Amino acid sequence: MRTYDKLLADNKKWAEEQKLTHPDFFKQLAQQQTPQFLWIGCSDSRVSADKITNTQPGEIFVHRNISNMVVNNDINLLSVLQFAVEVLKVKHIIVCGHYGCGGINAAMQNNSLGIIDYWLNGIKDVYRLHKAEIENLPTEIEKQNRLTELNVQEQVLNLAKTNIIQKAWANKNYPHLHGWVYGLSDGIIKPIYQIKAGTSPEALYNYKNL
């Protein structure tokens, strides 16, 4: 069997299993989606939002890119964010990074990787801002892990400063923003950062890590 044929075969098997265990599953799923969460995660194939949170289709609205970045001129991300906040009215937005992220590791090197270098500039800025703290750590793994955490923190802050979030906070008491890091080696998600809905723009510049 060709590799992609296996995907199609497994899809049919999964659909049949769903019908057997939950006869109305697809009927209910087709009617609407009412997720409480927007997940901004890494494109890494090992970090699937529904798998690592044990959730079902329809429970999490997902956007993924390399190294879970929130870039203020990324029309794709901003469109997802606006739809999630204004139409789906999600109550929580999670930026989830992961240890062992290739984008994080690449941003700490001086090698030219082509077009992806433009995307990695945002991570390099985070590295530059926290270089003293990161370089004081004893091992490369610890340095990479700390940059992963700091990058998540910075992306949550970037999220909070968007006019979409600021507008939502002015009109209602959500969404709350969360920064998590997933461990590939143990499968555990580590919450590292949170910004509550309604935090003032001025306070964001002095917002401390949890």
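The values are calculated or read from the model by the stated rules, or taken from the named source; none is laboratory data. Everything quoted here is computed from the prediction, not taken from an experiment. Here the Cβ is made from the backbone with ideal geometry for all residues, glycine too, and neighbour counts use every protein chain on show.
Remarks
- Within this structure, K51 fails the test of being surrounded by fewer than 20 Cβ atoms within 10 Å (Cβ to Cβ), at pLDDT 95 or above and assigned by TED's automatic domain parsing to the domain that holds Y127.
- Checked against (1) loosely packed, with under 15 Cβ neighbours inside 10 Å; (2) in a helix (DSSP H, G or I), S45 passes all but condition (2).
- The single condition among (1) more than 16 Å from the chain's Cα centre (by Cα); (2) of a type in the set (V, I, T); (3) within 28 Å of N54 (Cβ to Cβ) that I195 does not meet is (1).
So that you can scan it fast, the table gives a plain yes or no per residue for (1) under 18 Å from the mean Cα position of the chain (by Cα); (2) in the same structural domain as A49 (by TED's automatic domain parsing); (3) in contact (Cβ under 8 Å) with a residue 24 or more places away in the chain; (4) not in a loop (DSSP other than H, G, I, E, B):
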{"residue": "W119", "(1), (2), (3), (4)": "yes, yes, yes, yes"}
{"residue": "I134", "(1), (2), (3), (4)": "no, yes, no, yes"}
{"residue": "N158", "(1), (2), (3), (4)": "yes, yes, yes, yes"}
{"residue": "H178", "(1), (2), (3), (4)": "yes, yes, yes, yes"}
{"residue": "S185", "(1), (2), (3), (4)": "no, yes, yes, no"}
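- Some residue of segment 120-140 being touching a Lys or Arg at 6+ places or on another chain (Cβ under 6 Å) and closer than 26 Å to W169 by Cα: no
- Output for segment 8-23, where each listed residue is within 14 Å of Q56 (Cα to Cα) and not in a helix (DSSP H, G or I): H22
- Taken over segment 166-176, the criterion of being under 27 Å from L147 (Cα atoms) and outside any helix (DSSP H, G or I) is satisfied by P175, H176.
- Counted residues, segment 110-126 - those being crowded, with 18+ Cβ neighbours inside 10 Å, of a type outside the set (G, A, S) and either more than 16 Å from V152 (Cβ to Cβ) or out of contact with any Asp or Glu (no Cβ under 6 Å at 6 or more places or on another chain) (or both): 3
- Of the listed requirements (1) at pLDDT 85 or above; (2) touching a Phe, Trp or Tyr at 6+ places or on another chain (Cβ under 7 Å); (3) under 15 Å from V95 (Cα atoms), N209 misses just one: (1).
- The condition of being within 24 Å of N173 (Cα to Cα), in contact with a strand residue (DSSP E or B) (Cβ under 8 Å, 6 or more places away or on another chain) and of a type in the set (D, E, K, R) holds for only one of E86, E59, that being E59.
- For segment 1-28, filtering for residues that are among the aliphatic types (A, V, I, L, M), surrounded by 10 or more Cβ atoms within 10 Å (Cβ to Cβ) and in contact with a helix residue (DSSP H, G or I) (Cβ under 9 Å, 6 or more places away or on another chain) leaves 1.
- Of all the criteria given as (1) buried (at least 18 other Cβ atoms within 10 Å of the Cβ); (2) in contact with a Pro (Cβ under 9 Å, 6 or more places away or on another chain); (3) among the small types (G, A, S), the one not satisfied by A107 is (2).
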